[in-house]
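Trainee: I'd like to ask some things about the structure below.
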Amino acid sequence: MGRQLTISCFRYNPNIPGDKPRMQDYKLEEYEGMTLFVALNEIREKLDPTLMFDFVCRAAICGSCAMLINGRPRLACKTMTRTLPSRFTVMPLPVFKLIGDLSVDTGTWFRNLQIRTESWIHTNKKFDFNALEVRMENKTAEAIYEPERCIECGCCVAACVTANIREDFLGATGINRVARFILDPRDERSNAEYFEVVGNEDGAFGCVGIMACADLCPMEIPLQENLAFVRRKMAAAGLKLQFPGVKIS
Amino acid sequence: MSAKHTHISDVLVIGAGLAAERSAIEAAEAGLSVIILSLVPPRRSHSTAAQGGMQASLGNAAMAKGDNPQIHFEDTVKGSDWGCDQEVAKMFTETVPSMIRQLDYWGVPWNRVTAGKKKLPSGLEVEDTKDREGLITARDFGGVAKWRCCYTSDGTGHTVQFVVDTVVCKLGIPVHDRMEAISLIHDGETCFGAVARDLRTGDLNVYLAKSTVIATGGAGRIYAASTNAVINEGTGGAIALSTGVVPLGNMEAVQFHPTGMPPVYILMTEGARGDGGYLLDKNLHRFMPDYEPKKKELASRDVVSRRMVQHIRAGYGVDSKFSTQQHLWLDIRHLGRQWVWTNLREIATIATNFNGLDPAKDLVPVIPTQHYTMGGVRTNKDGFAYGLKGLFAIGEAACWDLHGFNRLGGNSLAETVTAGYIVGKQLAKYTLGATQTFNYKLIEDFVKKEEERIKNLISGKNGRENVWEIRAAMQTAMMDHVHIFRTGPALEQGVAKLQELYRRSLKIGLRSSGQGANPELAQALRMPGMLRTALCVAYGALMRTESRGSHFREDYPKRDDTNWLKRTLAYWKEGADLPTLDYEPVACPYMPPGDRGYGEATAGPKK
Ligand SMILES: Cc1cc2nc3c(=O)[nH]c(=O)nc-3n(C[C@H](O)[C@H](O)[C@H](O)COP(=O)(O)OP(=O)(O)OC[C@H]3O[C@@H](n4cnc5c(N)ncnc54)[C@H](O)[C@@H]3O)c2cc1C
Ligand code: FES
């Protein structure tokens with residue numbers, strides 16, 4: 001027989017008139033290999049069909065299922081219950097708009113981020129259907145892939161001191177996204193143009209350096225290095241804007 | 001209640017996966033207004049889970065030299081066991097190289113050719129030449145004559161979906177996520193849009209458009225064990241089927257991927273075998289060469305999956321610590337830590353996360369698992385759905401019929417963007433010439449019908465059946481009766497069970513109040529449609545008395561081109577509890593039926 005688990009869940013559905021935020025306990029029996037994906041679905045199917053949460057890939061690659069598990073932002077689908085005490089809490093991620101219970105609206109937040117940072121390749125070249133691709137070093141492709149691996153789960157945002165108090169802060173994920181385009185030779189934006197996007201307190205200079213994000217990234221993206229990289233570029237671009245004659249490598 | 005909002009556009013795209021977004025781009029670039037609906041934000045669509053890569057005959061890598069669309073075409077037709085539409089396969093293989101390059105132009109960080117001599121795990125030495133350095137490279141995959149699977153590490157679906165979505169952002173195409181289409185609005189001749197339920201609030205919305213595109217992905221979740229995302233419930237096909245006039249094509253053609261990892265059945269990409277991985281049995285013997293001396297682990301998926309089950313049946317399976325079901329091993333240790341954690345990093349992480357294994361030093365348990373829905377909303381080669389004007393279908397939800405009875409690995413992602421482009425152009429042309437008509441009475445009737453369903457589910461007017469129990473029973477029935485090896489009697493029993501479940505699904509009553517974006521209500525609304533879909537699979541399989549590609553009948557083990565060179569069309573008539581099956585011929589204008597060069601026809605069973 002497995003352990004008896006008590007999962008204490010945040011409950012609140014803003015779309016139901018009169019509903020109030022509360023914690024609700026669910027008890028179930030643990031078994032070998034149980035993940036929170038399995039556990040929460042079991043609650044929904046056997047104990048409480050109203051419980052709202054989001055899973056899509058259940059393989060830790062789509063970023064749908066981040067929540068606070070015993071206070072820490074994590075992907076629920078890859079969290080094994082055996083790594084947790086027999087009683088633990090699950091809460092929705094902060095910062096993002098609550099949809100209901102454990103479900104939050106990361107989609108809208110990230111859409112706005114893409115649009116604000118104009119996260120697409122900016123180029124004046126036209127695509128030619130008959131031409132070969134432009135050559136690129138494999139090293140460069142791999143370097144772009146590294147930040148591109150972000151799954152937009154929101155863990156870094158939820159853990160971020162600045163994002164919790166400044167609504168417009170791009171967060172580690174936003175800065176990482178910009179790093180991805182700076183690294184990409186196909187994007188023709190100049191550093192000065194990127195400066196417009198992230199060279200301010202809502203971008204690369206808003207971070208106060210606590211770096212809770214870096215340990216929490218489920219994809220283990222080097223967020224700290226990417227921040228440093230973007231800051232260096234932006235500091236240089238900033239100087240250049242102030243002192244146009246100065247040569248900076 | 002009545003519809004909360006009505007949205008009007010030229011084109012309505014149901015789905016935000018790769019097929020959906022690529023077609024939306026084409027329509028928007030033609031100057032049309034487009035709205036995209038999705039269950040989830042686009043970047044969480046199942047396309048992002050694709051790992052291995054995309055087939056295109058670029059011919060850059062050493063082992064790809066001499067490749068061209070014709071060879072890709074031949075591989076595709078053989079893979080399909082001559083079940084595909086050869087016109088479509090021709091168009092596809094000729095277009096896909098420029099699609100890959102366009103994705104590159106948009107920003108996909110394709111892995112590139114690095115020059116130099118290399119020793120492959122097979123011992124073969126190859127040289128990537130200087131003249132190709134920096135061009136897009138490729139890896140080996142199952143059932144192909146050349147290396148043509150273009151990739152970004154093993155996160156290809158992720159990078160491609162992210163990049164295509166950047167173009168959607170740039171063009172400003174609105175995406176209404178958490179918005180589920182629950183029925184199509186039509187008059188039996190023309191489709192006018194869809195009724196959708198808002199998964200944030202529970203409200204009903206009406207979407208009206210000149211053209212509606214179904215791009216809702218696969219239906220893997222009719223099975224208990226599937227590599228598919230949990231949202232892949234086949235609802236797009238189901239709402240098309242419910243019209244009574246739109247058929248689903250070849251639903252019995254279901255792909256089982258050789259390497260799902262128990263107990264969670266997450267996929268271990270075919271790239272693992274493409275890159276040189278082996279399959280081992282309980283004696284750690286590499287058994288595939290015994291069955292398939294030529295292609296070994298890289299015969300087509302249907303063949304490898306059958307060989308694996310056959311080998312387990314012969315007593316060589318490994319006992320599982322999780323269940324009574326035995327498994328086999330995937331071995332990639334010999335590829336080396338560097339390779340495993342660079343080029344197969346995603347699956348290495350998955351093995352670590354879910355089984356505590358490091359594939360650079362541990363064997364990974366694998367078992368053939370439901371993976372891909374070859375069937376879907378039947379369309380012509382321009383993507384126009386049969387049965388309704390103004391309705392289109394693309395991607396895994398469609399039966400455009402690139403894949404016939406077995407899809408080649410890497411051909412599906414490639415299909416999504418290529419069909420998105422080809423069908424997108426056709427649909428733009430159609431839409432530019434179409435006029436929008438609003439028949440308010442008709443629209444109101446469709447909304448009322450959905451409201452009525454919701455009311456009855458909440459009040460329990462039709463019964464008190466439990467939706468989760470019915471879903472679980474359906475998934476088990478599909479595993480037990482409609483899996484890799486099929487027989488007449490087992491299928492008959494399966495059909496009977498599913499029919500019974502279908503009747504029960506019409507009597508579901510909610511346990512909860514159904515208020516707001518209630519998840520029980522969402523599942524209950526889908527359930528009859530999922531069972532109709534499952535019945536199309538099971539009944540189609542029962543009636544097809546031959547073996548072709550992934551459809552294997554132990555009682556009819558041979559392909560039968562005299563009687564069965566045809567495509568199944570399943571219709572659902574109002575009030576029925578079984579689909580009505582019709583058939584259309586499959587033409588072979590370029591390549592007459594022949595031997596695949598692998599599989600049961602050429603290699604004998606294990607002695
Ligand atoms: C684990 C895995 C790995 C794979 N790897 C490869 C690979 O390496 N190479 C390859 O070629 N293929 C691969 N495939 C197959 C391939 O990924 C899929 O076939 C393909 O991505 C499907 O794309 P799609 O656009 O048709 O659908 P999806 O990407 O599944 O998108 C469907 C969309 O429809 C939406 N939707 C569904 N129903 C509704 C509704 N009722 N209302 C509104 N929206 C709805 C969803 O929200 C989603 O946005 C893999 C598949 C799996 C399962
Ligand atoms: S469900 Fe996709 S990351 Fe957890």
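The values are calculated or read from the model by the stated rules, or taken from the named source; none is laboratory data. What you are looking at is a predicted structure, and each value in this text was computed from that prediction instead of being measured. Glycine gets a Cβ as well: all are built from the backbone with ideal geometry, and neighbour counts include every protein chain shown.
Quick grid of which residues meet (1) polar (S, T, N, Q); (2) crowded, with 20+ Cβ neighbours inside 10 Å; (3) outside the structural domain of A:C217 (by TED's automatic domain parsing); (4) within 16 Å of ligand 2 (Cβ to nearest atom):
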site: A:S8; (1), (2), (3), (4): yes, no, yes, no
site: A:M23; (1), (2), (3), (4): no, no, yes, no
site: A:E32; (1), (2), (3), (4): no, no, yes, no
site: A:F37; (1), (2), (3), (4): no, yes, yes, yes
site: A:P94; (1), (2), (3), (4): no, no, yes, no
site: A:L98; (1), (2), (3), (4): no, no, yes, no
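Trainee: Within segment B:370-382, can one find any residue that is of a type in the set (A, V, I, L, M, F, W, C), more than 14 Å from every other protein chain (Cβ to nearest Cβ), touching a residue at least 24 places away in the same chain (Cβ under 8 Å) and more than 16 Å from ligand 2 (Cβ to nearest atom)?
Mentor: Here is the first cut: in segment B:370-382, the residues of a type in the set (A, V, I, L, M, F, W, C) are B:374, B:377.
This time we only want the ones that are more than 14 Å from every other protein chain (Cβ to nearest Cβ), so: B:374, B:377.
Next, from what is left, pick out any that are touching a residue at least 24 places away in the same chain (Cβ under 8 Å): B:374, B:377.
Right, trim to more than 16 Å from ligand 2 (Cβ to nearest atom) and you get B:374, B:377.
Yes, that holds for at least one residue.
Trainee: Determine which single condition B:M91 fails, assuming it passes every other condition in (1) over 22 Å from B:E396 (Cβ atoms); (2) at pLDDT 95 or above; (3) among the hydrophobic types (A, V, I, L, M, F, W, C); (4) surrounded by fewer than 21 Cβ atoms within 10 Å (Cβ to Cβ).
Mentor: (1)
Trainee: Looking at B:F392, is it free of Cβ contacts under 8 Å to residues at least 60 places away in the same chain and touching a Phe, Trp or Tyr at 6+ places or on another chain (Cβ under 7 Å)? Talk me through it step by step, then tell me what you get.
Mentor: Details: free of Cβ contacts under 8 Å to residues at least 60 places away in the same chain: no; touching a Phe, Trp or Tyr at 6+ places or on another chain (Cβ under 7 Å): yes.
Criteria not met by B:F392.
Trainee: Can you name every residue in segment A:23-50 that is at the interface with chain B (Cβ under 9 Å from one of its Cβ atoms) and either of a type in the set (D, E, K, R) or more than 19 Å from B:P263 (Cβ to Cβ) (or both)?
Mentor: Matches in segment A:23-50: A:E32, A:R44, A:E45, A:K46, A:D48, A:P49, A:T50.
Trainee: Looking only at segment B:299-318, count how many residues are assigned to a loop (DSSP other than H, G, I, E, B) and at pLDDT 95 or above.
Mentor: The initial filter retains those residues of segment B:299-318 that are assigned to a loop (DSSP other than H, G, I, E, B), namely B:299-300, B:317.
Among the residues that remain, those that are also at pLDDT 95 or above are: B:317.
The number of residues fulfilling the criteria is 1.
Trainee: Examine segment B:570-591 for a residue that is buried (at least 24 other Cβ atoms within 10 Å of the Cβ) and either on the phi > 0 side of the Ramachandran plot or within 14 Å of chain A (Cβ to nearest Cβ) (or both), and state whether such a residue exists. Talk me through it step by step, then tell me what you get.
Mentor: Taking segment B:570-591 and keeping what is buried (at least 24 other Cβ atoms within 10 Å of the Cβ), we get B:570, B:572, B:579.
In the following step, the residues that additionally are either on the phi > 0 side of the Ramachandran plot or within 14 Å of chain A (Cβ to nearest Cβ) (or both) were identified as none.
Within segment B:570-591, none of the residues are buried (at least 24 other Cβ atoms within 10 Å of the Cβ) and either on the phi > 0 side of the Ramachandran plot or within 14 Å of chain A (Cβ to nearest Cβ) (or both).
Trainee: Is it the case that B:T76 is touching a residue at least 24 places away in the same chain (Cβ under 8 Å), away from chain A (no Cβ under 14 Å) and either over 20 Å from B:N250 (Cα atoms) or part of a helix (DSSP H, G or I) (or both)?
Mentor: Considered against the rule, which asks whether it is touching a residue at least 24 places away in the same chain (Cβ under 8 Å), away from chain A (no Cβ under 14 Å) and either over 20 Å from B:N250 (Cα atoms) or part of a helix (DSSP H, G or I) (or both), B:T76 comes out as yes.
Trainee: Quick one: how many residues across segment B:32-72 are in a loop (DSSP other than H, G, I, E, B) and either near ligand 1 (Cβ under 8 Å from one of its atoms) or not assigned by the TED database to the domain that holds B:N111 (or both)?
Mentor: Taking segment B:32-72 as the starting set, the residues that turn out to be in a loop (DSSP other than H, G, I, E, B) are B:32-33, B:39-41, B:45, B:50-53, B:56-61, B:65-68.
Then keep just the ones that are either near ligand 1 (Cβ under 8 Å from one of its atoms) or not assigned by the TED database to the domain that holds B:N111 (or both); that gives B:39-40, B:45, B:50-53.
The qualifying residues number 7.
Trainee: If I go through segment B:89-133 residue by residue, how many of them are in contact (Cβ under 8 Å) with a residue 40 or more places away in the chain, outside any helix (DSSP H, G or I), farther than 27 Å from B:V77 by Cβ and facing another protein chain (nearest Cβ under 10 Å)?
Mentor: 5
Trainee: Restricting the first residue to segment A:43-56 and requiring it to be within 10 Å of B:P519 (Cα to Cα), which pairs with a second residue that is among the aromatic types (F, W, Y) and in a loop (DSSP other than H, G, I, E, B) meet a Cβ separation below 9 Å and a spacing of at least six or different chains?
Mentor: If the second residue must be among the aromatic types (F, W, Y) and in a loop (DSSP other than H, G, I, E, B), the pairs left are A:R44/A:F53.
Trainee: Mind checking whether some residue in segment B:382-398 is hydroxyl-bearing (S, T, Y), touching a helix residue (DSSP H, G or I) at 6+ places or on another chain (Cβ under 9 Å), modelled with pLDDT of 95 or more and under 28 Å from B:A253 (Cα atoms)?
Mentor: First, the residues of segment B:382-398 that are hydroxyl-bearing (S, T, Y): B:386.
Right, trim to touching a helix residue (DSSP H, G or I) at 6+ places or on another chain (Cβ under 9 Å) and you get none.
No - not one qualifying residue is present in segment B:382-398.
Trainee: Check B:V246, B:V206 and return the single one that is part of a strand (DSSP E or B), away from ligand 2 (no atom under 16 Å from the Cβ) and either of a type in the set (A, V, I, L, M) or within 15 Å of the chain's Cα centre (by Cα) (or both).
Mentor: When all the criteria are applied, what remains is B:V206.
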